[in-house]
Amino acid sequence: MPKTNVYEIVHDKLGYRKVSARWFPKMMSDEHKRQRLEISQILLHWCQQEGDETVDVGPGGDHRTRNKLLESYITEDETWLHLSTPETKRDSMTWKHPSSPVTKKFKVQQSATKVMATMFWDSRGMILLDILPKGESVNADRYCETLERLRHAVRHERPGLLRSGVVLQQDNSTPHTAKRTKEWLERCRWDIILHPAHRMNLLVKFVIGFQSLTQTFSHTVYTRFSHGGKNA
């Protein structure tokens, strides 16, 4: 039987289509799903428990409604920053007329030199960007120093938040769960929520935070990084 007849029977008459499997970045186990469910329930319970409040936002008598939990919620995560990050295809998009010449974009590689950046942000934006000095590794002592810089940044950038209470979301890596780190968090009376596995859609302002960070360093070449914490 000719291939064209087989294709006609399978595709046109039986309605079959040849498609690729749907791509997922990560495969979650039942334990990962359980953790996501528990964390989602905790966040929902806290939001309902804290409730909303109306606050003044200007001299004209304007008001807005805010959730107390989201106002105290700080998310932490790490990412690698390359010294040279080429602009993305989206960044290079331009308006053009049908008669305009074709624009060209050459492939540019990211630089091999990179540094680890720890970022803390909340619903209003980035609070602290901490660059790990070259040759150092993240341990409990180093992370406690970063938390101390975060505390000073919160006092400066978010007045009153230390008094009302901080809720910090971080993963369960060894520096974050070490005894000294736990003692620091207990001494400052900060509440902790762990990141769920493969958790991007459960992080507060994840997209806004990391997209703005990426855009800040995009198509910019640095000869060196100034190490240490930097406020937003």
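Since every read-out is calculated from the coordinates, none of them should be taken as a lab result. Quick caveat, the model's predicted, so the values are computed rather than measured. Cβ sites come from the backbone with ideal geometry, for glycine too, and all protein chains shown count toward neighbours.
Just want the ordering: Val138, Val166, Val102, from fewest to most Cβ atoms lying within 10 Å of their own Cβ.
Val102, Val138, Val166
For each of Glu31, Glu78, Glu157, count neighbouring Cβ atoms within 10 Å of the residue's Cβ, then give the residues from fewest to most.
Glu31, Glu78, Glu157
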- Task: Amide H neighbours of Gln169 under 5 Å, at least 5 residues apart or on other chains, H built in the peptide plane: list them.
- Result: Ile74, Thr75, Glu76, Ile193
